[in-house]
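The values are calculated or read from the model by the stated rules, or taken from the named source; none is laboratory data. This one's a predicted model, so the numbers in the text were calculated from it and none came from an experiment. All Cβ positions, even for glycine, are placed from backbone atoms using ideal geometry, and neighbour counts span all protein chains on display. Note: accessible area is taken over every heavy atom of the protein model, side chains too, but ligands, DNA and RNA are not part of it. Shrake-Rupley method; radii C 1.70, N 1.55, O 1.52, S 1.80 Å.
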Amino acid sequence: MKINNSEIIPVSEITPYETYMGRRDFIKAASAALMAAPFLSFNSEVSAATNASLLGYTKSPYGADEKLTSYNEVTNYNNYYEFGTSKSDPALESKGLVTHPWTVSIEGAVKKNKQINLDDLLKLAPLEERIYRMRCVEGWSMVIPWIGIPMSKLIQWAEPTSNAKFIEFVSLADQSQMPGVRTNILDWPYTEGLRMDEAMHPLTIIAVGLYGKLLPNQNGAPLRLVVPWKYGFKNAKSIVKIRFVESMPKTSWMKAGPKEYGFYANVNPMVDHPRWTQSTERRIGGGLFTPRIKTKLFNGYAEQVAHMYAGMDLVKNF
Ligand SMILES: Nc1nc2c(c(=O)[nH]1)N[C@H]1C(S)=C(S)[C@@H](COP(=O)(O)O)O[C@H]1N2
Ligand SMILES: [Mo]
């Protein structure tokens, strides 16, 4: 076992891939104490302050009892148009993205505009693992063990005023580092939005890691939104700005195709995309002949989130 800067806590030995896969012999072999207190692995680009805070995380109360999508699929089959439009582009093209130091600006309907860096953001709440089903609007899905903090903790820190009804999330758009931003495939920067109650919902997190490791660049390092009952495009990556606003913001995808991508983007098998059905999905990693599975309303999280949409016409508010 090699110990160097890049892995102060050798997490690859503490929460190895095998534990997620449920290999009994491996779990037996591992020490119970270490298993109970997994640590997020570090790399040399993370600042000393972050390293010093020892990023332990707790296992999820929201763990799905489904088979996880492999680390390899989660990190090599991506949508991140700033790095290109094909699924393999983000892993290839994002290698050089500089994610430390990183600052998020808080603006708009808040007591006062302020900034927070990644180290301070990580001090707002203990890190938790959340195993979530993720459903892309294109019809495929994955099950991903994210690591992050509840979005509500950052919102509390931001001190929004009573005028804040929605939140706009803005991703990095740096032409020098992101080849896709030199094209006009989307209106940059990539923006997304949530209603305040959606952003405050306990399922909504800011992810900083997955599979016990810091987020790979292609998955939105160093921090991204994760909202599991909505289509994948809501989950803005590499966020640099969070703006509290009074009226519903227009997102990049709404501008690109207003008839195809709505503000809510709740997973809904009853509302088809104009060009394809949303009633079924293909779980990534199943192999060529695996049958498609039925998509569930709110991606299977209806029990937790349906109350937020009571009385709303979900066909109109797609
Ligand atoms: N900034 C930014 N965020 C983004 C995207 C993007 O192109 N740019 N793509 C979205 C889409 S369509 C999906 S399905 C998810 C994919 O996240 P993953 O690659 O981590 O699975 O990221 C979302 N967040
Ligand atoms: Mo997506």
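Scan A207, A221 and give me the residue that is open to solvent by less than 10 Å² (accessible area, probe 1.4 Å), under 21 Å from V74 (Cβ atoms), within 16 Å of ligand 2 (Cβ to nearest atom) and among the hydrophobic types (A, V, I, L, M, F, W, C). Give the steps one after another, and end with the answer.
Working: A221 fails: within 16 Å of ligand 2 (Cβ to nearest atom).
The conditions single out A207.
Out of the residues in segment 154-177 that are in a strand (DSSP E or B) and within 16 Å of ligand 1 (Cβ to nearest atom), state the one that is surrounded by the fewest Cβ atoms within 10 Å (Cβ to Cβ). If you could, list the steps in order and put the result at the bottom.
The initial filter retains those residues of segment 154-177 that are in a strand (DSSP E or B), namely 160, 166-171.
If we keep only those that are within 16 Å of ligand 1 (Cβ to nearest atom) as well, we get 167-171.
Details: I167: 26, E168: 20, F169: 27, V170: 23, S171: 25.
Here the answer is E168.
Return the residues of segment 97-110 that are open to solvent by less than 60 Å² (accessible area, probe 1.4 Å) and at pLDDT 95 or above; say none if nothing qualifies. Write out each step before concluding.
Residues of segment 97-110 that are open to solvent by less than 60 Å² (accessible area, probe 1.4 Å), as a first pass: 97, 99-100, 102, 104-110.
Of everything in segment 97-110, those that are open to solvent by less than 60 Å² (accessible area, probe 1.4 Å) and at pLDDT 95 or above turn out to be L97, T99, W102, V104, S105, I106, E107, G108, A109, V110.
Step by step: first the residues of segment 259-268, then only those that are within 23 Å of the chain's Cα centre (by Cα) and in a loop (DSSP other than H, G, I, E, B), then the one that is surrounded by the fewest Cβ atoms within 10 Å (Cβ to Cβ). Which residue is that? Quick ask: steps written out before the conclusion?
First pass over segment 259-268, keeping only residues within 23 Å of the chain's Cα centre (by Cα): 260-268.
When the remaining residues are screened for being in a loop (DSSP other than H, G, I, E, B), the result is 260-265, 267-268.
Working: E260: 14, Y261: 19, G262: 18, F263: 20, Y264: 21, A265: 23, V267: 27, N268: 23.
Result: E260.
For segment 120-155, what are the residues that are under 13 Å from the mean Cα position of the chain (by Cα), of a type in the set (K, R) and more than 16 Å from ligand 2 (Cβ to nearest atom)?
Matches in segment 120-155: R130 only.
Please state which one of V271, V315 is open to solvent by 50 Å² or more (accessible area, probe 1.4 Å) and either in a loop (DSSP other than H, G, I, E, B) or of a type in the set (S, T, Y) (or both). Let's see the steps before the verdict.
On the way: V271 fails: open to solvent by 50 Å² or more (accessible area, probe 1.4 Å).
The conditions single out V315.
Hey, K241 hits all of (1) more than 13 Å from ligand 2 (Cβ to nearest atom); (2) of a type in the set (D, E, K, R); (3) not in a strand (DSSP E or B) but one; which does it fall short on?
(3)
Look through T251, T280 and report the one residue that is polar (S, T, N, Q) and open to solvent by 30 Å² or more (accessible area, probe 1.4 Å).
Working: T251 fails: open to solvent by 30 Å² or more (accessible area, probe 1.4 Å).
After ruling out the rest, the residue left standing is T280.
State all residues of segment 221-260 that are aromatic (F, W, Y), out of contact with any Lys or Arg (no Cβ under 8 Å at 6 or more places or on another chain), within 20 Å of G300 (Cα to Cα) and within 12 Å of ligand 1 (Cβ to nearest atom); if no residue qualifies, say none. I'd like the intermediate steps shown before the answer.
Step one: of segment 221-260, the residues aromatic (F, W, Y) are 229, 231, 233, 244, 253.
Narrowing the set further to residues that are out of contact with any Lys or Arg (no Cβ under 8 Å at 6 or more places or on another chain) leaves 229, 233, 244, 253.
Now narrow it down to the ones that are within 20 Å of G300 (Cα to Cα): 229, 233.
Result: F233, single match.
Considering only segment 293-312, how many residues are touching a residue at least 24 places away in the same chain (Cβ under 8 Å), in a loop (DSSP other than H, G, I, E, B) and over 15 Å from L203 (Cβ atoms)?
Selection size over segment 293-312: 1.
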